[in-house]
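Down below is the structure, laid out as structure tokens.
The values are calculated or read from the model by the stated rules, or taken from the named source; none is laboratory data. None of these values were measured; they are calculated from a predicted model. So basically every Cβ, Gly included, is an ideal-geometry build from the backbone, and we count neighbours across all protein chains shown.
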Amino acid sequence: MIRRTLRQVRRRFAPAPPSAPPPSPVAVAAAPFFPLALMHVPIEPSLAPIVMLEPDADDERSRAAVRRVVDAYLAAMRAPRAPAPSMWAAIEGQHAEFLARVRARDLAAVRATLARLFATPLIWGLGRVHPDSAMHIRTGHADGTAGVQIQIADALVSLAEAIGVARVTCVEQHGVETHLLALKTDIAALLSAIVARSGLEVEMPRLGGNYGCTIGARQVSIDSLVHAYTAYRLRQLGVAPGERVVEIGGGYGCLAHVMRRNGFGDYTIVDLPWVNILQGYVLIMSLPPGDVSLFGEPDAPVKVRPFWDFAAMADRSVDVVINTDSLPEIGEETARGYIAGIGRVARHGFFSINQEAMSHYPGVGPQQCVNALAAAEPRLQLRHRHRYWMRQGYVEEWFTIRQ
């Protein structure tokens, strides 16, 4: 039972990075005993019904969103600045056909792809989503569906434990059985308790064939629950909704979506221009009209910008900088530039949620370690460092700014 359940989670939810070497015999033998990114052992988990949205309608709203993201990309690429080599250069190369359509301003083809974004390879690596999972849900494949349901149950219980509406199990006191059955719970009641205690908005972005689970009256995804924790934690750290927040590397825009839904009113993503296409589309389609501005457009509450805009920000013009699951994958020169820039532009602090494996990427070298990068920046002072509540192998750090 345990081996089968873990296999369901692994399948299509732990894609190997491009050009990754095959696992060793030791890794293959040990795999059944390690539940990947899960915080709880998935024995008899409570599973919510799967929900999968349809592709976006071919209407004026989606066509206008596509026009805007394509025009912003083309404007940014008239004077592009190349980042240091990283794994993302190889990933961008895998999307050459899509980007050729963007450069040709083939709006119909671009819209057809973005309308079903969560079922396309474009989404790979930008969140805890995978196009094969969308395909498996659509076709009723049991392993693909269970993988999503188990991870959502795990994220929900983890969020409840972090907020304090669920108790953390203790094998020394509860015994083995209670500890192993932490996911066997009333998840609808748990989500209601989370919202009542924290006031968090936890629903997933509703566009592009996104998928997750229906719990009570809410539709949530793994990413929407994970990022709700970030919004909650920033509140704990004293970050007020009116403060200016900048996110370095914004995934497909889910954290920005969650932060805006939770009242943060001045939020900027800086990222690679091709990723800005996806972020801009997701946010335009999932947030109210007028909430989002792209490169070359007048500022709105949520701003999507190419990465070089960060270097142009004025000294002490930003309250908080966020980076989640991103800086380690950025080229060393670019990452060091970001850290120095944080020390220059931030007033309040820098919030990091990242892994520290420093895995070697072919042709690029080892990944970065945020703690080591920050230790070399005298303006950043580490205040909190602890294991991340929501995912195995990740570290949460809060740095304040020495003036």
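Structure values in brief
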read-out	value
Filter pass, residue 127 being within 20 Å of the chain's Cα centre (by Cα) and either free of Cβ contacts under 8 Å to residues at least 12 places away in the same chain or more than 19 Å from residue 48 (Cα to Cα) (or both)	yes
Considering residues of region 214-244 that are charged (D, E, K, R) and surrounded by fewer than 22 Cβ atoms within 10 Å (Cβ to Cβ) only, the residue farthest from the chain's Cα centre (by Cα)	243
Number of the condition not met by residue 269 [criteria: (1) surrounded by fewer than 24 Cβ atoms within 10 Å (Cβ to Cβ); (2) within 15 Å of the chain's Cα centre (by Cα)]	(1)
Residue match in region 355-365 (condition: at pLDDT below 95, more than 20 Å from the chain's Cα centre (by Cα), among the small types (Gly, Ala, Ser) and not in a loop (DSSP other than H, G, I, E, B))	yes
Search result, residues across region 174-192 that are part of a loop (DSSP other than H, G, I, E, B) and touching a residue at least 12 places away in the same chain (Cβ under 8 Å)	181, 182, 183, 184, 185, 186
Number of the condition not met by residue 277 [criteria: (1) closer than 29 Å to residue 146 by Cβ; (2) under 16 Å from the mean Cα position of the chain (by Cα)]	(1)
Filter result for the condition that a residue is of a type in the set (D, E, K, R), surrounded by fewer than 23 Cβ atoms within 10 Å (Cβ to Cβ), farther than 24 Å from residue 296 by Cβ and more than 20 Å from the chain's Cα centre (by Cα), over 132, 143, 71, 106	143
Hey, residue 162 in contact (Cβ under 8 Å) with a residue 24 or more places away in the chain, assigned to a helix (DSSP H, G or I) and in contact with a Phe, Trp or Tyr (Cβ under 8 Å, 6 or more places away or on another chain) or not	yes
Residue that is free of Cβ contacts under 8 Å to residues at least 60 places away in the same chain and either crowded, with 22+ Cβ neighbours inside 10 Å or touching a strand residue (DSSP E or B) at 6+ places or on another chain (Cβ under 7 Å) (or both), where the choices are 247, 356	356
Residue check for residue 330: within 25 Å of residue 91 (Cβ to Cβ), surrounded by 15 or more Cβ atoms within 10 Å (Cβ to Cβ) and modelled with pLDDT of 95 or more	no
Residue among 285, 313 that is in contact with a Gly (Cβ under 8 Å, 6 or more places away or on another chain) and either of a type in the set (D, E, K, R) or part of a loop (DSSP other than H, G, I, E, B) (or both)	313
Lone unmet requirement of (1) touching a Leu at 6+ places or on another chain (Cβ under 7 Å); (2) under 29 Å from residue 154 (Cα atoms) for residue 343	(2)
